[in-house]
1. Taking the dipole about the Cα centre of chain B, with the C-beta of Lys and Arg at +1 and of Asp and Glu at -1, give me whichever of B:ILE163, B:LEU240, B:THR153 is farthest to the positive side.
2. Among B:TRP100, B:ILE90, B:ILE118, whose Cα sits farthest toward the positive end of the charge dipole of segment B:73-120 (+1 at Cβ of Lys/Arg, -1 at Cβ of Asp/Glu, about the Cα centre)?
3. Give, in whole angstrom and from largest to smallest, the semi-axes √(5λ) of the equivalent ellipsoid of the protein assembly as shown, with λ running over the eigenvalues of the Cα gyration tensor.
4. Counting every Cα pair in segment B:141-231, what percent are over 23 Å apart?
5. State to the nearest 20 debye the size of the charge dipole of the protein assembly as shown about its Cα centre, where the only charges are +1 on K and R beta carbons and -1 on D and E beta carbons.
6. Past the 32 Å Cα-Cα mark, which pairs from B:LYS123/B:LYS301; A:LYS204/B:LYS259; A:LYS302/B:LYS9; A:LYS204/A:LYS302; B:LYS123/B:LYS259; A:LYS302/B:LYS16?
7. Straight distance only, please: which aspartates and glutamates reach the Cα of B:LYS278 with their own Cα at less than 19 Å, same-chain residues fewer than 8 apart left out?
8. Would you mind classifying chain B by shape? Square roots of the alpha carbon gyration tensor eigenvalues, ordered a ≥ b ≥ c; an a/c under 1.5 is rounded, otherwise it is prolate if a/b is larger than b/c and oblate if not.
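No lab work stands behind these numbers, since they all come straight from the coordinates. Since we're looking at a predicted model, the values are computed, not measured. As a convention, Cβ positions derive from the backbone with ideal geometry for all residues, glycine included, and neighbour counts pool all protein chains shown.
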Amino acid sequence: MPERSAPKRRDWSWRSQAFRGLVYQIVAVLAIGYGIWYLTQNTLANMAARGIQSGFGFLTGAAGFDIGETVIPYDALDPYWMAFLVGILNTLRVAIVGIVLATLLGTALGIGRYAHNAIVRGLCYAYVEFFRNVPVLLQLLMWYLIMTDVLPPLYEAISIGGLFLLSNNGFVFPVPVWGMGQLLSLIGAVVGIFVAVFYRRWAKHQFELTGRVRSLVLVPVAIVIAAALLGWIAGGAPTAWSTPAVDGFQVVGGATATPEFMAVLLGLVLYTSAFIAEIVRAGIASVSHGQVEAAASIGLSKTQAMRLVILPQALRVIIPPMTSQYLNLTKNSSLAVAIGYPDVVSIANTALNQTGRAVECIAIIMAVYLTTSLSTSAFMNWYNRRAAIKER
Amino acid sequence: MSSVFEPIKPRTAPIKTEGLIPWIRTNLFGGWSSTAVTLVLMALAVYLVPRLLDWAVFKAVFAANADACQAARGIGACWGVIVEKFRLIIFGRYPYEDQWRPEIATALLVALLIVSCIRRFWKPWLAVLWIVVVPLFFLLMGGGWFGLEPVSTDQWGGLPLTIMLATFGIVLAYPIAIVVALGRRSNLPAIRSLCIVYIELIRGVPLISVLFMASFLFPLFMPVGKTPDVLLRVLVGITLFSAAYLAEVVRGGLQAIPKGQVEAAQSLGLSYWQTQRKIVLPQALAMVVPGIMNSFIAIFKDTSLVTIVSLYELTGAMSLALNSDAEWRPFKIEGYLFIAFIYFIFCFAMSRYSLWIEHQLGRSRTR
């Protein structure tokens, strides 16, 4: 008896699920394509009607405006792309400093929710509830007002030991005079980090082989510090610091954080750390109590239990929402435009008003943030994969 | 051999573990470090609290008197600025004599929101109520009928605008979010990629760039000669923005539905849309109510950004009220504290509700 051939599955009728799916997709793509085409046509027509020029050619023209604070040398005659670069660097500066500080503060507050002392618990709770329920823009505006209005003028600046000056001109702090010693010290530290990483690998390998525990934190840290010190001594152990001093209406020496930078940083850090505190609290709460008891029963000390048992498990819960908080902080740094900190949005806004190239300027803003967001989440995903449960 | 029964001496009663004093002992003075922290914090409170009270209450000026405020500057707060500028802060540039209209409209909208939050009222007639109240809100605010003076949207402001933007930003985003979330989990590659691109694109950029787009680019997108109203543009921007975030919330709910539910529906012969409508969505959407609430809180706070594209909601109205008046401008910090308090009340209440509803919805599962 001849085998029956398999029925032909290609069914070009509305009854076939595959066919319907294909039709839906074609319709969706056509509709979106038509929408984009329609909007583009309108935009081109509008630009022609209003005499707006387009294209990214303006980026090489002179910007013609000054920027209050810059990381790289910049003046008004430099081209627009330089101005944008200054803005991007300013955004990154406030975002990176903010992320580090918010993580430290937020973690401390999150752990504080589990303190033995009831006052500490209460204060941490009150902090979290207050700072996360008030819009971050309002907090930025308030900090800026405090920085410029409430703080005393420079000639009455609040001085902390003559080293730090706080006034409505900003926060001035001492910095070491950059020289050969500092450079060698930096090189030493970088070399030290490499050595420390290799040491950790070796120590872990030894642990797997022999079971002997070697310090994975203290010794690497000591290696980095020793290497940096060696570099510093090799450079002649310079001890010169540039300390701030008030000279008439300006500060001589030291490094200044402007009121705008301080306000953005404070606002972002205080706001974001409230969210991070909640994330850390939830992460610790997610580790079941049995784990702590089990750690104690096999003879781990309290710090060992925290480091080896609780934190690695809490991190799995903490990392994904922490990533989105880092991204939120970076995106919220765009609010700096409201108080005149020259971040990328503020520069783009100025450029937009000067050149009228709305499409290009907004595209630049979006591209900058998309790149940062996607690369941050790529990095955090990589870190998350390292921390995630290794299931066999 | 006579043995006399001798009872063992009773043990001393254990230290009391309940009540106020034991609580204080364990929670404030449990160990050296805890005691030290308590003492330091108490010393700090003794130093700070009287000064704070002095500034905020005892030496503060409550009357709308600029000279008295000026005299108390640096010593006491000037709450008089709020008395003086109350209506400007709360209602923005809305015409003074017509301010009963935003009052009633906002009261209606808030009442509707509260009713919608109560589980007992999750019935079909609630939808009808929305269909009635929402047009009424716009008719009252906009005017131009029944002898009401027309008020153009650029004059709307203050708290009514904040509440309105947040409410409609979420309500309009909700259906979009459901469609996009379903699309992201669809088997059709083209539709799935379109939804992913939309969600990731919006979530990767700050709200302010979307608002810039709404205020600078939307006019360019329209046919030549037509410029949509600024409020409408901003509302569309906020809706598109919150839809991407809501879509991820809804997707979380969809992912939590066990696959067996869908397979059971398929084996009963339900179509894709029937499965989603009758089986998946009712369970998923009930599960994500707390998440939606959190998005609502986020959007409520984010509406403060529209002041950057010159719509005067609560934050903008406050700045507008005080910047234009040199006499009261020095007391901006009190104004900021006042609106921070308003935001706090709203957001805190909503976050409590979110916790409560989470508990309510979780009851069926924790039994």
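1. In chain B, that residue is B:LEU240.
2. My answer, from the dipole projection, is B:ILE118.
3. Working: eigenvalues 387, 324, 240 Å².
Each semi-axis is √(5λ); the values are 44, 40, 35 Å.
4. Values: 1903 of 4095 pairs.
Cα-Cα pairs in segment B:141-231 separated by more than 23 Å: 46 percent.
5. Numbers: 57 positive and 37 negative charges, 803 e Å.
In total the dipole reaches around 3860 debye.
6. Values: B:LYS123/B:LYS301 29 Å; A:LYS204/B:LYS259 42 Å; A:LYS302/B:LYS9 38 Å; A:LYS204/A:LYS302 22 Å; B:LYS123/B:LYS259 28 Å; A:LYS302/B:LYS16 28 Å.
Where the Cα-Cα span goes over 32 Å, the pairs concerned are A:LYS204/B:LYS259; A:LYS302/B:LYS9.
7. Cross-link targets: B:GLU263.
8. Working: a/c = 2.36, a/b = 1.14, b/c = 2.06.
Cα axes put chain B in the oblate bin.
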